[in-house]
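I have placed the structure first, in the form of structure tokens, so that the comments after it can refer back to it.
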Amino acid sequence: MIIEPKLILVTGGTGFIGSHTVVELLQAGHEVLVVDDLSNSRIEVLDAIAQISGKRPLFEQVDITDREALDGVFKKFHGQIEGVIHFAAKKAVGESVQFPLMYYRVNVGGTVNLLECMAGHGVESIVFSSSCTVYGQPDVIPVNESAPRKDAESPYGNTKRICEDVLRDASASSSLMVVALRYFNPIGAHASALIGELPLGTPNNLVPYITQTGIGKREQLTVHGNDYPTPDGTCIRDYIHVVDLAKAHIRALGRLLDRQQKATYEVFNIGTGSGSTVLEVIRTFEKVSGRSLNYRIGPRRAGDITQVYADTVYSNAELGWKAGLGLEEALRSAWAWEQHCQTLGL
Ligand code: NAD
Ligand code: WQD
């Protein structure tokens, strides 16, 4: 009997973006195998995914830098894996400056391991988590996919650029097919409030810092500078709802599995196409939560760029995808998730 390959392997599938994507995959009728070492996520996320989607993904607790263990997963499911969505990576910009080799080992080494396992087991399609960080401060805004990539501000950013190159080169010399998605700033949580972003320790990113301050877990938010050349002096980013982002992965995967791509290596911006300042995000949070946020204006943060938001014309047209949720919905869901975390004692 010939077994049709039908599993989607999701590395980092218990993490923030991965868990939301697994829900969308299950709801779209895919069968999912999650590979995660749980270094930045909790096993209970699988229960929450099952509660939301009525289906439970398969799970293997494996570190993608452990070549033998990863290959063991591909052996165990040989002939069944149809495609891969690769989220597993370390993502803390500051930590990457302190421990660059760890970032190169996990993000770059892990990706090379994964690609070698895929090649060894005849798996050809991969969706990769890249980042708008590869653009640095773009010369033209909104930034489109043809804009030059700039020198990264951090080893983390550099790993994303290097992985893009590794994927491009590997696809040029083999049957590998790649869609790299450059995410802008993912925020928010699932409408059920059962999954969301769970930073370990003090958050680095704006929205978890805001919600944790709103709930009293943090004393005060510091706005990193209000002397930028923007309408209110604070930096501008393209905040995209994680559920919209998850849905973009389903489109990207479908494009690969249906062999609709125009090249073996493709890149798409995944953002909303519009930017918000830090103060706009704070005001919107205050509106949806009904709380006033304790914040102060501090100095600029090293490495911050003034403004970036996506030109989404190409991704909207090619993927047939468009962000549908706005900043208010994203912050409302992030706030509901923060409140759920409080009830769980997280
Ligand atoms: P996350 O930390 O919530 O999820 C990553 C998951 O990968 C975690 O569950 C973690 O346990 C797992 N993981 C880490 N190292 C691993 C290893 N060696 N082996 C197996 N599993 C491992 O992060 P996220 O926000 O969901 O990000 C997912 C991807 O998207 C990452 O590649 C990240 O670089 C990229 N990205 C994130 C953002 C963002 O702001 N969140 C923006 C752009 C790109
Ligand atoms: C957003 C804005 C801060 C915290 C980072 C990575 C990037 C990507 C997404 C993965 C900025 C301001 C923040 C705070 C603040 N990740 N801020 N007070 O820096 O755009 O991007 O995450 O690929 O690579 O660099 O996101 O959420 O940290 O900051 O004023 O306590 O909020 O200065 O203007 P960023 P962020």
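Derivation of every value follows stated rules applied to the coordinates shown; laboratory data play no part. Values in this document were obtained by computation on a predicted structure and should not be read as measured data. As a convention, Cβ positions derive from the backbone with ideal geometry for all residues, glycine included, and neighbour counts pool all protein chains shown.
Dividing the helix sum by the residues of the chain, where each DSSP H run of 4 or more adds -39500 (n - 2.57), gives a mean residue ellipticity at 222 nm of -11500 deg cm²/dmol.
Calculation over all alpha carbon pairs of segment 175-226 in 5 angstrom steps from 0 returns a P(r) of 4, 15, 20, 21, 15, 9, 7, 5, 3, 2, 0 percent.
Partners of Lys6 within straight-line reach, counting lysines whose Cα lies under 17 Å from its Cα and excluding those fewer than 8 residues away in the same chain: Lys55, Lys75, Lys76.
With respect to the chain, whose longest principal axis is taken over its alpha-carbon atoms, helix 155-172 is tilted by about 30°. Between segment 201-237 and segment 60-128, the C-alpha centres lie 32 angstrom from each other. Each label was represented as a point 7 Å from its Cα along the Cα-to-Cβ direction; for Thr202 and His78 these points are 5.0 nm apart.
For segment 177-320, evaluate the Debye formula with one uniform point scatterer on each Cα (no solvent term) and list log10 I(q)/I(0) at q = 0.13, 0.18, 0.22 Å⁻¹, rounded to two decimals. Cα-only, vacuum Debye calculation for segment 177-320: -0.67, -1.09, -1.38. Here are some pairs, Lys247/Lys287; Lys91/Lys217; Lys160/Lys247; which of them have Cα atoms lying more than 25 Å apart in this structure? Result: Lys247/Lys287 exceed 25 Å. The distance from the alpha carbon centre of segment 13-33 to that of segment 253-284 is 18 Å, rounded to a whole number. When Lys and Arg each count +1 and Asp and Glu each count -1, what net charge do the other residues less than 13 Å away from Gln212, Cβ to Cβ, add up to? Result for the local shell: 0. Arranged from fewest to most other beta-carbon atoms within 10 Å of their beta carbon, Trp337, Trp321 become Trp321, Trp337.
Applying 0.36 nm per residue to the separation of Gln51 and Ala191 and subtracting their alpha-carbon distance, the gain on full extension is 49.1 nm.
What net charge is computed for the residues neighbouring Gly225, neighbours being all others with C-beta under 14 Å from the C-beta of Gly225, Lys and Arg scored +1, Asp and Glu -1? Here the charged neighbours net out to +1.
Compared with the direct C-alpha span, the chain from Asp165 to Asp304 gains 47.6 nm at full extension, assuming 0.36 nm per residue.
Just going by the charge dipole of segment 193-340, with Lys and Arg at +1 and Asp and Glu at -1 on Cβ, which of Asn294, Val278, Ala336 is farthest out on the positive end? Value computed over the given set: Ala336.
Rank the residues His78, His241, His340 as a footprinting-exposure proxy: fewest other Cβ atoms within 10 Å of their Cβ go first. Please report the intermediate quantities before stating the final value.
Working: His78 14, His241 24, His340 17.
Fewest-to-most ranking of His78, His241, His340: His78, His340, His241.
Listed from fewest to most Cβ neighbours within 10 Å, the set His20, His86, His224 follows the order His224, His86, His20.
Longest span of the chain, sites excluded, free of trypsin sites (Lys or Arg not before Pro) in DSSP loop with at most 10 other C-beta atoms within 10 Å? In the chain, the maximal stretch lacking such sites is 1-258. Students often get this wrong: which residues of segment 21-53 have the backbone nitrogen under 18 Å from the point 7 angstrom along Cα-to-C-beta of Leu257? Flagged as within label range: 21-35, 53. Short to long, the 20 Å bins of the Cα pair-distance histogram for the chain hold 31, 60, 8, 0 percent of all pairs. Calculated over segment 1-92, the projected area of the Cα convex hull averaged across directions stands at 5.9 nm².
Principal semi-axes of the equivalent ellipsoid, √(5λ) from the alpha carbon gyration tensor of segment 243-284, are 31, 11, 5 Å from largest down.
Charged neighbours of Met102, selected by a Cβ distance under 9 Å, balance to +1 (K, R count +1; D, E count -1). Annotation: the antiparallel percentage among DSSP beta bridges lying fully within the chain is about 5. Over the chain, what is the mean sequence separation of C-alpha contacts under 8 Å (at least six apart), divided by residue count, expressed as relative contact order in percent? Once normalised by length, the contact order is 19 percent. Quick one: angle between helix 327-344 and the longest Cα principal axis of the chain, in degrees between 0 and 90, rounded to 10, please. Once rounded, one gets 80 degrees.
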